[in-house]
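One structure is given here, and the rest of the page talks about it.
The values are calculated or read from the model by the stated rules, or taken from the named source; none is laboratory data. None of these values were measured; they are calculated from a predicted model. Areas reflect the complete protein model, heavy atoms only, side chains present, ligands, DNA and RNA absent. Shrake-Rupley method; radii C 1.70, N 1.55, O 1.52, S 1.80 Å.
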Amino acid sequence: MTLLSLQLSRALAKGRAVPPPAPTRASLLEALLRKRAAAHNAGAEELEAMLRSQIQWSLPMIRGDGAAEGA
């Protein structure tokens, strides 16, 4: 590897953006809630109903013994 190509590869490595962190359950739920609010404000009733369904599906369920399901 020549000095120029080594310098170029180092410059490229320094300029690369850090990949975003993996989405968490909380961040996905937050995004759904924001989209639902936007749909509500826009008057898109069908879209809001679909997002409400997705929000309910994404929430953790607590059984009678206190243990969380789907966590």
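General observations
- Failed condition for residue 9, given (1) at pLDDT 85 or above; (2) open to solvent by 70 Å² or more (accessible area, probe 1.4 Å): (2)
- Only one of 11, 38, 17, 31 that is farther than 23 Å from residue 59 by Cα and part of a helix (DSSP H, G or I): 11
- Residues satisfying the stated conditions in the stretch 41-60, i.e. open to solvent by 100 Å² or more (accessible area, probe 1.4 Å) and not charged (D, E, K, R): 41, 56, 57
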